[in-house]
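*Asks:* Take this structure, written in structure tokens, and hold onto it; I'll ask about it next.
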Amino acid sequence: MTTSINRRLLFTGQAKKELHKLPPEIRVRFMKSFHLFRSGDELTIKLFKKLSGNELYEFRVKGLGGIYRGLCYQKRSELIVGRIFHKKTDKTPLREIDTAIKRIKIFLDDY
């Protein structure tokens, strides 16, 4: 018997807009990863990993156009996506992390 875990995925307003602006191929890959999270499936470190030094996680997507990341915060069975961007350096830029944290804090204050 399989137990279904129902996880919620929430987006800040800006992150939702960023997702919709992505190339279709990348948006589909993000949506597949999001679906795996919501259904309770285990995500490999290739797709989802905890960032060191803060409370954020990142969805990891690779496509023909490069590498993309979705920065998020997990609160119980909810995941709040605060920033989605095209990654151009090896390390996740601090300004992207700061942007995600600020957006998520505002989201949680209003939630």
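*Asks:* Before anything else, pin down the relative contact order of region 8-110: Cα pairs under 8 Å, at least 6 apart, normalised by residue count, whole percent. Present the calculation step by step, with values, prior to reporting the outcome.
*Replies:* Values: 144 pairs, mean separation 27.8, N = 103.
In percent, rounded to a whole number, it is 27.
*Asks:* Which entry in [x] 1.31; [y] 1.05; [z] 0.95 is this structure's computed Rg/Rh (Cα atoms, Kirkwood Rh)?
*Replies:* It is the one labelled [z].
*Asks:* What net charge is computed for the residues neighbouring residue 74, neighbours being all others with C-beta under 11 Å from the C-beta of residue 74, Lys and Arg scored +1, Asp and Glu -1?
*Replies:* Numbers: positive: 7, 8, 50, 75, 76; negative: 55, 78.
My count for the surroundings of residue 74 gives +3.
*Asks:* List every residue whose amide H lies under 5 Å from the amide H of residue 56, counting only residues 5 or more places away in sequence or on a different chain, with H placed 1.01 Å from N in the peptide plane.
*Replies:* 51
*Asks:* When 83, 8, 29 are ordered from fewest to most other Cβ atoms inside 10 Å of their Cβ, what list results?
*Replies:* Numbers: 83 25, 8 12, 29 19.
Lowest count first: 8, 29, 83.
*Asks:* Could you run the Karplus curve 6.51 cos²θ - 1.76 cosθ + 1.60 with θ = phi - 60° over region 52-62 and give me ³J(HN,Hα) per residue in whole Hz, x for Gly and Pro?
*Replies:* Going residue by residue, I get 7, x, 7, 9, 8, 10, 9, 7, 10, 10, 10 Hz, with x marking Gly and Pro.
*Asks:* How would you rank 22, 9, 71, going from fewest to most other Cβ atoms within 10 Å of each one's own Cβ? Provide the component values of the computation, followed by the final result.
*Replies:* Details: 22 20, 9 14, 71 25.
The order, fewest Cβ neighbours first, is 9, 22, 71.
Readers should treat all values here as calculations from the given coordinates under stated rules, not as data from a laboratory. Just so we're clear, the structure is a prediction, and the values are computed from it rather than from any experiment. No Cβ is skipped: glycine too gets one built from the backbone with ideal geometry, and neighbour counts run over all protein chains shown.
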